[in-house]
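The values are calculated or read from the model by the stated rules, or taken from the named source; none is laboratory data. In this text, all values refer to a predicted model and were calculated from it rather than measured experimentally. All Cβ positions, even for glycine, are placed from backbone atoms using ideal geometry, and neighbour counts span all protein chains on display. All accessible areas refer to the heavy atoms of the entire protein, side chains included, with ligands and DNA or RNA removed. Shrake-Rupley method; radii C 1.70, N 1.55, O 1.52, S 1.80 Å.
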Amino acid sequence: MADNSYDYDVLIIGAGPGGYVAAIRAAQLGLKTACAESRETLGGTCLNVGCIPSKAMLHASEFFDAAANGTMESMGVEVKPKLNLDKMHAQRLDAVSGLTKGIEFLFKKNKVDWKKGLATFEDAHTVKVGDETVTAKDIVIATGSSVTPLPGVEVDNDKLIVVDSTGALELPKVPKTMVVIGGGVIGLELGSVWRRLGAEVIVVEYLDQLLPGMDGDIRKEAAKIFKKQGMELRLSTKVTGCTVKGKKATLTLEPSAGGDAETLEADCVLVSIGRRPNTDGLGLENIGLETNQRGQIEIDHDFRTTVDGVWAIGDVVPGPMLAHKAEDEGIAVAENIAGQTGIVNHDVIPGVVYTWPEIAGVGLTQEEAIEKAGGDKKAINVGKFPMMANSRAKTNHEPDGFVKIIADAETDRVLGVWCIASVAGTMIAEAGIAMEFGATSEDIAYTCHAHPTHPEAIKEAAMAVIGKPIHI
Ligand code: FAD
Ligand code: NAI
């Protein structure tokens, strides 16, 4: 398979979950593979400053919260928690270090060459990485994404007063007041970490509801739960400016639709208004590759760009910015380059918010399903089941949330599943598999689920689609 006119069969640019997975799969398929990465460690945003460190802080702070907020006491475990933030950070760094080194080991094991440095295209088969020139028959762009800046609010992760998600993972002490700009996934996850550890958290969201893109009922329920936990939500509000004096930030806020401005003081401000694709410095102009209006690289069904031999995957292409989506695209692109058929079903990509409780969904929201049916509300059936009526959740003192299943009224095929539950992120996997296999709600309803488990709520919600849940 090797073409000796190039140094490599495949060069991947970026070693995040998209790039490192593509590199390993390409090598497994017998292709001579290199991966360019400019960071000091492999694993991209996800392992270094994203999924993994945020989950390390979420998991640890959840224990602290359970001890501090009375949950443990209500089960007969009486402890007074004492926060050792340095130790909490140390276990976060330990998790990151172990996992990033693990990717380095996998690269060696699979004979993937790591080219350390920033990669820039010279032509469609030639890339400069630092001082080295590397040629490859096929090149995959997997450069990921970075924080979207907010004009007027300057992030400074050194001073740690106005921070992005990377800075918010590193705070050396719990801020008294934290303002989170953007009520999306990052704002709610990292806002939850610091609220649990004692900060007063105010979330400022431009839209009239949190978590855009999720099902409407889920968004409303999430807002109720976060308010109950003590987060202050300032919806339909925008931040128009920020000044920092000493150790305090002062923000100017306005109603999104316009109106009187007000100011708000905070010890820490987290800017989390989205992420944008990384293409600066890649030299796309040298290969005649343009980005779309959102700065993304457009691809076809097989992950080919418009330039022959250049492919793209992950956060840098359209679609949800999620690690598992990037990983699946990494496997598929490598298989396509090797002449196999690599496919990702973009209609069945689960999304999970790792708060307490967790919030998860896969497939269409109720609003999208109705819109797809031309506005006909009768074209779908919806079944809901509250976690309060699930024996395991109730026993575990986890009453919040529900499962909602949306099915096609004519065929009963499941179109979307949404959950708020302590373990929603784990529960959603079965919904993904069911949908991948084209399940009807009846298929789920008549599948035996172990008792007592949280996923029984999925079975009961499926039973509710056709009108016969047992426990409500
Ligand atoms: P990235 O992981 O961004 O990797 C791209 C890599 O390319 C980077 O390491 C970068 O240094 C490198 N690079 C860029 N340009 C060049 C160049 N020119 N030359 C060489 N190297 C280059 N997703 C989830 O699914 N679950 C989660 O729980 C989750 N939590 C998150 C928490 C936070 C705080 C953040 C910020 C993100 C989170 N995400 C989560 C999103 C997830 O991290 C991304 O979707 C995922 O990392 C995208 O993978 P990728 O391979 O496309 O890009
Ligand atoms: P996001 O897109 O999830 O949320 C951004 C929020 O900011 C939106 O609600 C938006 O309406 C709001 N907003 C935008 N401009 C604003 C302004 N000027 N003032 C106030 N609010 C404003 O983006 P976020 O949270 O930054 O996350 C980025 C990406 O990282 C997401 O696409 C997500 O997929 C990924 N991620 C995934 C995680 C997971 O899977 N658990 C965890 C963290 C991040």
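Calculated on the alpha-carbon coordinates, the convex hull of the range 45-115 measures out at 102 cubic angstrom per residue. Annotation: the antiparallel percentage among DSSP beta bridges lying fully within the range 162-273 is about 50.
What is the range 269-318's relative contact order, in percent, from Cα pairs under 8 angstrom and six or more apart in sequence? Across the range 269-318, relative contact order equals 33 percent. Using only side-chain charges placed at the Cβ, +1 for Lys and Arg and -1 for Asp and Glu, the dipole size of the chain relative to its Cα centre rounds to 1500 debye.
Each part reduced to its alpha carbon centroid, the range 115-133 and the range 63-98 end up 45 Å apart. A protection proxy built from the mean count of other Cβ atoms within 10 Å ranks the segments 147-155, 360-368, most packed first, as 360-368, 147-155. Using only alpha carbons, the range 378-472 has a radius of gyration to Kirkwood radius ratio (Rg to Rh) of 0.94. If you take all other residues with their beta carbon under 10 Å from the beta carbon of residue 305, and give Lys and Arg +1 and Asp and Glu -1, the sum is -3.
Helix-only arithmetic for the chain: the sum of -39500 (n - 2.57) across DSSP H runs with n ≥ 4, divided by the residue total, places the mean residue ellipticity at 222 nm at -9500 deg cm²/dmol. Ranked by the mean number of other Cβ atoms within 10 Å per residue, highest first, peptides 286-292, 370-376 order as 286-292, 370-376. Screening the chain for DSSP H helices whose Cα atoms reach 15 Å or more along their own axis and whose mean Kyte hydropathy is at least 0.0 gives 17-28, 51-68, 185-196, 424-436.
Each Cα pair under 8 Å and six or more residues apart adds its separation to the average, and for the range 162-273 the resulting relative contact order is 34 percent.
Taken per residue, the accessible surface of the chain reaches 46 Å², heavy atoms only and a 1.4 Å probe.
Under the classification rounded if a/c is under 1.5, otherwise prolate if a/b is larger than b/c and oblate if not, where does the range 97-141 fall, given a ≥ b ≥ c as square roots of the Cα gyration tensor eigenvalues? It is prolate, given that a/c is not under 1.5 and a/b is the larger ratio. Using a ≥ b ≥ c from the Cα gyration tensor of the range 199-248 (square roots of the eigenvalues), is it rounded, prolate or oblate, where a/c under 1.5 gives rounded and otherwise the larger of a/b and b/c decides, a/b for prolate? It is oblate, given that a/c is not under 1.5 and a/b is not larger than b/c.
Each part gets one Cα centre, and for the range 216-265 versus the range 370-398 those centres are 29 Å apart.
In this structure the amide hydrogen of residue 8, modeled in the peptide plane, comes within under 5 Å of the amide hydrogens of 135, 136, 137, none closer than 5 places in sequence on its chain. If the Kirkwood radius is taken over C-alpha pairs of the chain, then at 37 °C and 0.692 mPa s the Stokes-Einstein diffusion coefficient equals 137 µm²/s.
For the range 131-205, take the alpha-carbon Rg, divide it by the Kirkwood Rh, and send me Rg/Rh. Rounded to two decimals, Rg/Rh equals 1.17.
For the chain, the antiparallel share of DSSP beta bridges with both residues in that region comes to about 60%. At q = 0.12 Å⁻¹, what is the log10 ratio I(q)/I(0) for the range 277-343, with the Debye formula run over Cα points and no solvent? So the normalised log intensities are -0.29. Mean sequence separation of contacting Cα pairs (under 8 Å, at least six apart), scaled by the length of the range 351-465, corresponds to a relative contact order of 32 percent. Quick one: pull the percentage of alpha-carbon pairs in the range 162-273 with a separation above 18 Å. Summing the P(r) tail past 18 Å for the range 162-273 gives 46 percent. From most to least packed by mean Cβ count within 10 Å, the peptides 215-224, 162-171 give 162-171, 215-224.
Split the accessible area of the range 139-248 by element, probe 1.4 Å, and carbon with sulfur accounts for 53%. Computed over protein heavy atoms with a 1.4 Å probe, the carbon and sulfur contribution to the accessible area of the range 351-465 reaches 54%.
Taking amide H atoms as placed 1.01 Å from N in the peptide plane, the amide H of residue 241 lies under 5 Å from those of 252, each 5 or more residues away in sequence or on another chain.
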